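Visitor: Please find one structure pasted underneath; my questions will follow.
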Amino acid sequence: MDRSEATVTTLGEMSSTRRRWPLAALAVSAGTFLASCASNAPQDYFDPAGPNAEKIDTLQRPVFYIAGVVALIVIGAVGYIVFKFKDRGQDIPEQSHGNPKLEIALTILPAIILAGIAVPTVVTVFDLNKQDDTECIINVTGQQWWWEYDYATGECGGVEISQPIVTSGELVIPADTPVLLRVTSRDVIHSYWIPRLNGKRDAVPGRLHTLRMQADEPGIYTGQCTEFCGLSHARMRQAAVALNQADFQTWVDNQLEPYTAPEAGTLAATGEQTFIANCSKCHQVNGIANADGTPVLSDPDLYVVSGVAPNITNLMTRTAIAGWTFDLINEECRDALWTASPDEFGAMYLAGVTPDCFDEAALRDWLRNPPGMKPMYVDPNNLDSTGGKYRGMPMLNLNENQIDELVAYLLERK
Amino acid sequence: MAIIERPSAVPATVGAGGTTELVTPSRALGAYRRPVSTTGWKSWLFTVDHKKLGIMYGAVSLFFFLVGGIEALLIRLQLAAPDNTVLSAGLYNEMFTMHATTMVFLFVMPMAAAFANYFLPLQIGARDVAFPRINAVGFWLFLFGGIFLNTSWFLGGAADGGWFMYSPNSSALFSPSHGIDFWVMGLQITGIASLVGAINLIVTVLNMRAPGMKLMNMPVFTWMVLVVQFLLLFAMPVITVALFLLSFQRNFGATFFDVNQGADPLLWQHLFWIFGHPEVYIIILPAFGIISEVLPTFARKPLFGYKFVVFSGAAIGFVGWGVWAHHMFASGLGPVSVAVFSVATMLIAIPTGVKIVNWTLTLWGGKLWFSTAMLFSIGVIVLFTIGGVSGVTHAVAPSDTQQTDTYHIVAHFHYVIVGGAVMGLFAGFYFWWPKMFGQMLSERLGKWNFWLMFFGVNLTFGPMHILGMQGQPRRMVVWPEKLTGDGFFDLAFWNQVASVGSFVIAAGVLLFVINIFYTAKKKVAAPLDPWDARTLEWITSSPPKEHNFDRIPTVHSLDEFFHRKYEEVDTENGPKLVKVKTAEEVLAEEEANADHHIHLPSPSYWPIVLALGFPIIAYGVIFNLLLTIVGTALVLLAIFGWCLEPSVADDSDYDPPAGGDSTKELATLG
């Protein structure tokens, strides 16, 4: 007994310095943690850019703080006890089996904290499932390994969409407008996630799920498929692009503009024929016609397991290809676009892939050997399990001239 | 199985009722005899001794731990740089699938089974488990299932659907290699091992406790193992059904998960996670049990709130069944289900928190001895707490829709599984090694082992919290430079730190392996009671004799062994604990009063033969159905052999005793 009292006195003398260290440790840990994060990470979900992500953020921040404090308290307590009760030759302690009152108290305390977390959690769950404020509906469909967007006709955030728009990779939405995505899949399960705008929602074949999507300001918000979906799961990416209402109107008008064939005699005109011969079995360009005037219609369901391939009518209005993985624009232009202020963003985005920004390397590589850039199931000798259909884009054995022609043709698709 | 006494030269004197009616089986022929070897490889192949089986479980699990670890290192190598090319996309998918499968099913679960097998009978004062041959078949099924699963690497590629194997990505259309077939059949085989093991240990605990060993006198490790066996008993059938559905879909054209036939892929998710969440507790509770033994021993005081710890363990066992859909918050269940499972998940934090608090308070006021086992146990408290509180953040469903399938989740469950379960198992290694092998693992190497693993875990999995929160999804063969953000501490930096950390963990594990060989080579006998321990397994010799106890101990209290050594003596400063007996004296007392007739089950040829039939059936399902007939025939033969073999070996099967001793009993008296 004497000895333990002596220990307490010694500790008492030292306590003035020691009392401050838990607080200091807390501050240092919290500071270190915050300073340890990357700045401007494009998919930081603690950096919300729309009301849905904002609601989640408001809910989760206190939870993370409480969790951090609880962890620090426990670790601090363990550290203190380990130091204080180290074997310094003291007697074997009393063989006490516990203290029921203390234990009941220590059971109720976390229960109260958790109840405090549970109530706002449930409220937010229902909040984020509301659908009655929707001003625009967009169908989002996942397939190996890219996202297709299908804009239904009707009003979208004050803009009239007179004909369906089918696009991929970049989800263009009106800013500051509650959009509802209807998410599904054509093959395996995928998951649609734009971290700065909302949490993720699985795209499950045979099921239709909804996901609220809203951005406060014009800008580009990146995301990735987050349900493991096979070989090229890592190369199934996407972005949401928010435009103000006028810019969104421009974008819609551009998407619905009738097809303009390349000027006769140009490289692009040869490219059109090359496209029809090699690409149009799967890829649709709206309005494209054969020499005799009959429309060229794609039949991807004959060749691809998911039954679709990206519609590339306006390919050059998007900044990346192949599951939004490989950039069509150079790094400089990409950085400028990604960091553009909300006021400048719309004009920059609507300019599309300009000659100054166009980085043809990725597109050329892709046309030359798609599975070499992005692993897919397209080996023609090994398609037994799919009955001869591809999962992804096969190698077309194009020669360099054909690639030149196609690039020239595709550059005009904007 | 019933234990029937062999006739013996020593007259039976046990029991007032008298066991004079001895069953002497008629002479059996050929293979229908029982093996009798007590040394050499045969003694291991045909053993039914829970201790030998425990050691084999441990050795094989450790091997698979190294395999799973190498897979993890390859994954971290691939992720050390943007758009890296160490592994191809297909190989990477196989790698993370098999890393998880190996670590969960071939390391943590069977390593816990190793400790349970070895120590549960010792802790309750039993001579073996209730069904020794079934115990043996469990081990062989685990071994053959594990080998079978890993032969997929050499037969066309391993499973590539992730350990959760979501449908329809797991169908033959989307995963045409045989990898998933191997995975399905391999898990079926190891699943039988878990299921029969569970039944065996439950019966053992309920029926074979020593006199006075009331349920609430049982050591916490035994309690936690018991809870785990009930979880296994109810969880394994669910995954078995799911796996059958999947294998019928892949191999025989069934359409359980075929959307075109009207199936809902969420069926698989529900089945998998109804198994998968209790599985989480199957993984962690044995480690909780181990550190609940280690902490009191090295704090020199009883576990704080024994009853609270036991009941919270049982509560986790119950509530663990009502939280599975928290793995599916983004699956599109609808707000009502999500809200319910969200709250239920928070509920389970309470009993888990109770345990942390009780361990911490066990240390309070103690006389702490920082042995390696103790360091690992304190490490578990710290690391599991971090994994626990990040778990609470996932319970907040809207937040989880951001976190799920990102590295934040990877960080969380690795803190729980590596920081909790694996570190707990390492505490068990250092604590029980002298009991199992009669030799002390080097404490000096052990401490290096601990600190490397402790820092390695934080270095590897700590940064993953940041990676996840800043938007890096998991199961990605590459991460692109353009999504890493700016600043020195960008995501590329943290990916590199995590990769370095994984090699620090590997160095720690390597030291453990070195320690094993170093200890084995040194051959220094351990003291009988090196830790001044508290529970029944320490009341016998190290390693224990084949029959465990010369006299079945009579139990008077929790921490029976401690109370045999220590008594409270009144001094002028009040009562004080004084050591009144050494462990050697306690053991001598037991030996002096040895039971006169000890019966043990005989070894058997049939468990290993029976188990061998299953991988043959599995290969048959994958490659040629004719093989399944061969495998089934072997299983049937083994079942007949099992039923027809005599209950004990015939006297004439034994070699003539060397010393002219007329006693040919397998288990001679101590």
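Visitor: Among what's in region B:320-347 and is assigned to a helix (DSSP H, G or I) and of a type in the set (Phe, Trp, Tyr), pick the residue that is nearest to B:VAL227 (Cα to Cα). Can you show your working first?
Guide: Looking only at region B:320-347, we keep the residues that are assigned to a helix (DSSP H, G or I), and these are B:320-322, B:324-328, B:335-347.
Keeping just the survivors that are of a type in the set (Phe, Trp, Tyr) gives B:321, B:324, B:341.
Numbers: B:TRP321: 13, B:TRP324: 18, B:PHE341: 22 Å.
Filtering region B:320-347 for residues that are assigned to a helix (DSSP H, G or I) and of a type in the set (Phe, Trp, Tyr), the one nearest to B:VAL227 (Cα to Cα) comes out as B:TRP321.
Visitor: Here is a check on your reading of the model: is B:ALA330 facing chain A (nearest Cβ under 7 Å) and more than 25 Å from B:THR222 (Cα to Cα)?
Guide: Numbers: facing chain A (nearest Cβ under 7 Å): yes; more than 25 Å from B:THR222 (Cα to Cα): yes.
Yes, satisfied.
Visitor: Which is under 18 Å from A:GLU148 (Cα atoms) and of a type in the set (Val, Ile, Thr), of A:THR354, A:THR319, A:THR386?
Guide: Details: A:THR354 fails: under 18 Å from A:GLU148 (Cα atoms); A:THR386 fails: under 18 Å from A:GLU148 (Cα atoms).
Of the residues listed, the single one that is under 18 Å from A:GLU148 (Cα atoms) and of a type in the set (Val, Ile, Thr) is A:THR319.
Visitor: Continuing with the same structure: Quick check: is even one residue across region B:304-312 within 10 Å of chain A (Cβ to nearest Cβ), crowded, with 22+ Cβ neighbours inside 10 Å and outside any helix (DSSP H, G or I)?
Guide: Taking every residue of region B:304-312 in turn, at least one turns out to be within 10 Å of chain A (Cβ to nearest Cβ), crowded, with 22+ Cβ neighbours inside 10 Å and outside any helix (DSSP H, G or I).
Visitor: Sticking with this structure for a sec: Could you tell me which numbered condition A:ALA152 fails, if it satisfies all but one of (1) within 14 Å of chain B (Cβ to nearest Cβ); (2) of a type in the set (A, V, I, L, M, F, W, C); (3) out of contact with any Phe, Trp or Tyr (no Cβ under 8 Å at 6 or more places or on another chain)?
Guide: All conditions are met except number (1).
Visitor: Give me the residue from region B:445-489 that is of a type in the set (Gly, Ala, Ser), within 14 Å of chain A (Cβ to nearest Cβ) and touching a residue at least 60 places away in the same chain (Cβ under 8 Å) and, out of that set, farthest from B:HIS414 (Cα to Cα).
Guide: Here the answer is B:GLY471.
Visitor: Suppose we filter region A:281-296 for residues that are on the phi < 0 side of the Ramachandran plot and either in contact with a Pro (Cβ under 8 Å, 6 or more places away or on another chain) or surrounded by 13 or more Cβ atoms within 10 Å (Cβ to Cβ) (or both); how many remain? Spell out the reasoning first.
Guide: Pass one, region A:281-296, residues on the phi < 0 side of the Ramachandran plot: A:281-286, A:288-292, A:294-296.
Retained after the next criterion (residues that are either in contact with a Pro (Cβ under 8 Å, 6 or more places away or on another chain) or surrounded by 13 or more Cβ atoms within 10 Å (Cβ to Cβ) (or both)): A:281-286, A:288-289, A:296.
Of the residues in that region, 9 qualify.
Visitor: Restricting to region B:505-562, and then to whatever is among the basic types (Lys, Arg) and under 24 Å from the mean Cα position of the chain (by Cα), can you tell me which residue is farthest from B:ILE55 (Cα to Cα)?
Guide: Let us first name the residues in region B:505-562 that are among the basic types (Lys, Arg), namely B:521-523, B:534, B:545, B:551.
In the following step, the residues that additionally are under 24 Å from the mean Cα position of the chain (by Cα) were identified as B:534, B:545.
Numbers: B:ARG534: 22, B:LYS545: 14 Å.
That would be B:ARG534.
Visitor: Keeping to region B:563-584, report how many residues are closer than 23 Å to B:SER371 by Cα and either small (Gly, Ala, Ser) or touching a residue at least 40 places away in the same chain (Cβ under 8 Å) (or both).
Guide: Total meeting the criteria: 3.
Visitor: Something else about it: Filtering region B:510-544 down to residues that are in contact with a strand residue (DSSP E or B) (Cβ under 9 Å, 6 or more places away or on another chain) and not in a loop (DSSP other than H, G, I, E, B), which residue is nearest to B:ASN593 (Cα to Cα)?
Guide: Going through region B:510-544, the residues in contact with a strand residue (DSSP E or B) (Cβ under 9 Å, 6 or more places away or on another chain) turn out to be B:519-520, B:522-526, B:532, B:542.
So of that shortlist, the ones also not in a loop (DSSP other than H, G, I, E, B) come out as B:519-520, B:522, B:525.
On the way: B:THR519: 33, B:ALA520: 33, B:LYS522: 34, B:ALA525: 25 Å.
Among residues in region B:510-544 that are in contact with a strand residue (DSSP E or B) (Cβ under 9 Å, 6 or more places away or on another chain) and not in a loop (DSSP other than H, G, I, E, B), the one nearest to B:ASN593 (Cα to Cα) is B:ALA525.
Visitor: Taking the condition over 19 Å from A:GLY392 (Cα atoms) and under 23 Å from the mean Cα position of the chain (by Cα), does A:ASN330 pass? Steps first, please.
Guide: On the way: over 19 Å from A:GLY392 (Cα atoms): yes; under 23 Å from the mean Cα position of the chain (by Cα): yes.
So A:ASN330 passes the test.
Visitor: Could you tell me how many of the residues in region B:395-414 are more than 10 Å from chain A (Cβ to nearest Cβ) and not hydrophobic (A, V, I, L, M, F, W, C)? Even if it seems obvious, please write down each step before you answer.
Guide: Going residue by residue through region B:395-414, those that are more than 10 Å from chain A (Cβ to nearest Cβ) are B:407, B:409-414.
Still in the running and not hydrophobic (A, V, I, L, M, F, W, C): B:407, B:412, B:414.
Within region B:395-414, residues that are more than 10 Å from chain A (Cβ to nearest Cβ) and not hydrophobic (A, V, I, L, M, F, W, C) number 3.
Visitor: Out of all the residues in region B:359-386, which are at the interface with chain A (Cβ under 7 Å from one of its Cβ atoms) and in a helix (DSSP H, G or I)? Break it down into steps so the answer makes sense when it comes.
Guide: Within region B:359-386, the first condition is being at the interface with chain A (Cβ under 7 Å from one of its Cβ atoms), and the residues that meet it are B:360, B:363-369, B:378, B:381-382, B:385-386.
Passing the criteria: B:THR360, B:LEU363, B:ILE378, B:ILE381, B:VAL382, B:THR385, B:ILE386.
Visitor: Out of the residues in region A:212-235 that are in contact with a strand residue (DSSP E or B) (Cβ under 6 Å, 6 or more places away or on another chain), of a type in the set (A, V, I, L, M, F, W, C) and closer than 21 Å to B:GLN470 by Cα, which is nearest to the other protein chains (Cβ to nearest Cβ)?
Guide: Within region A:212-235, the match that is nearest to the other protein chains (Cβ to nearest Cβ) is A:CYS225.
Visitor: Further question on the same structure: Going through region B:256-270 one residue at a time, which ones are more than 9 Å from chain A (Cβ to nearest Cβ) and part of a loop (DSSP other than H, G, I, E, B)?
Guide: B:PHE256, B:PHE257, B:ASP258
Visitor: Shifting gears a bit: Could you check A:THR107 against (1) of a type outside the set (Phe, Trp, Tyr); (2) more than 7 Å from chain B (Cβ to nearest Cβ); (3) within 45 Å of the chain's Cα centre (by Cα) and say which number it fails?
Guide: Only one criterion in (1) of a type outside the set (Phe, Trp, Tyr); (2) more than 7 Å from chain B (Cβ to nearest Cβ); (3) within 45 Å of the chain's Cα centre (by Cα) is unmet by A:THR107, namely (2).
Visitor: Being over 22 Å from B:TRP433 (Cβ atoms) and touching a residue at least 40 places away in the same chain (Cβ under 8 Å) narrows it down to one of B:THR385, B:THR404, B:THR372, so name that one.
Guide: On the way: B:THR385 fails: touching a residue at least 40 places away in the same chain (Cβ under 8 Å); B:THR372 fails: over 22 Å from B:TRP433 (Cβ atoms).
Matching residue, one of B:THR385, B:THR404, B:THR372: B:THR404.
Visitor: Evaluate region B:356-367: report whether one residue or more is among the charged types (D, E, K, R) and either closer than 25 Å to B:LEU267 by Cα or crowded, with 23+ Cβ neighbours inside 10 Å (or both).
Guide: Going residue by residue through region B:356-367, those that are among the charged types (D, E, K, R) are B:367.
Okay, now just the ones that are also either closer than 25 Å to B:LEU267 by Cα or crowded, with 23+ Cβ neighbours inside 10 Å (or both), so none.
There is no residue in region B:356-367 that is among the charged types (D, E, K, R) and either closer than 25 Å to B:LEU267 by Cα or crowded, with 23+ Cβ neighbours inside 10 Å (or both).
Visitor: Let me ask something else about it. Being of a type in the set (Val, Ile, Thr) and in contact (Cβ under 8 Å) with a residue 40 or more places away in the chain narrows it down to one residue among B:THR85, B:THR101, B:THR151; which is it? Break it down stepwise before answering.
Guide: Values: B:THR85 fails: in contact (Cβ under 8 Å) with a residue 40 or more places away in the chain; B:THR151 fails: in contact (Cβ under 8 Å) with a residue 40 or more places away in the chain.
On inspection, the qualifying residue turns out to be B:THR101.
Visitor: Take B:LEU243 and decide whether it is in contact with a helix residue (DSSP H, G or I) (Cβ under 7 Å, 6 or more places away or on another chain), among the hydrophobic types (A, V, I, L, M, F, W, C), more than 13 Å from chain A (Cβ to nearest Cβ) and without any contact (Cβ under 8 Å) to a residue 60 or more places away in the chain. Can you show your working first?
Guide: Details: in contact with a helix residue (DSSP H, G or I) (Cβ under 7 Å, 6 or more places away or on another chain): yes; among the hydrophobic types (A, V, I, L, M, F, W, C): yes; more than 13 Å from chain A (Cβ to nearest Cβ): yes; without any contact (Cβ under 8 Å) to a residue 60 or more places away in the chain: yes.
Against the criterion (in contact with a helix residue (DSSP H, G or I) (Cβ under 7 Å, 6 or more places away or on another chain), among the hydrophobic types (A, V, I, L, M, F, W, C), more than 13 Å from chain A (Cβ to nearest Cβ) and without any contact (Cβ under 8 Å) to a residue 60 or more places away in the chain), B:LEU243 qualifies.
Visitor: Also, I was wondering about something else. For the structure I just gave you, tell me whether B:ILE350 is modelled with pLDDT under 90, assigned to a helix (DSSP H, G or I) and over 22 Å from the mean Cα position of the chain (by Cα).
Guide: Numbers: modelled with pLDDT under 90: yes; assigned to a helix (DSSP H, G or I): yes; over 22 Å from the mean Cα position of the chain (by Cα): yes.
Criteria met by B:ILE350.
Visitor: Picking from A:ALA340, A:ALA336, which residue would you name as being surrounded by fewer than 19 Cβ atoms within 10 Å (Cβ to Cβ), of a type in the set (A, V, I, L, M) and not in a loop (DSSP other than H, G, I, E, B)? Full working, then the answer.
Guide: Working: A:ALA340 fails: not in a loop (DSSP other than H, G, I, E, B).
Just a single option satisfies the conditions, and that option is A:ALA336.
Visitor: Suppose the filter is assigned to a helix (DSSP H, G or I), among the charged types (D, E, K, R) and surrounded by fewer than 19 Cβ atoms within 10 Å (Cβ to Cβ); does A:LYS101 pass it?
Guide: Working: assigned to a helix (DSSP H, G or I): yes; among the charged types (D, E, K, R): yes; surrounded by fewer than 19 Cβ atoms within 10 Å (Cβ to Cβ): yes.
Judged against the criteria, A:LYS101 is a match.
The values are calculated or read from the model by the stated rules, or taken from the named source; none is laboratory data. Please read these numbers as outputs of a predicted model, since none were measured by experiment. Glycine gets a Cβ as well: all are built from the backbone with ideal geometry, and neighbour counts include every protein chain shown.
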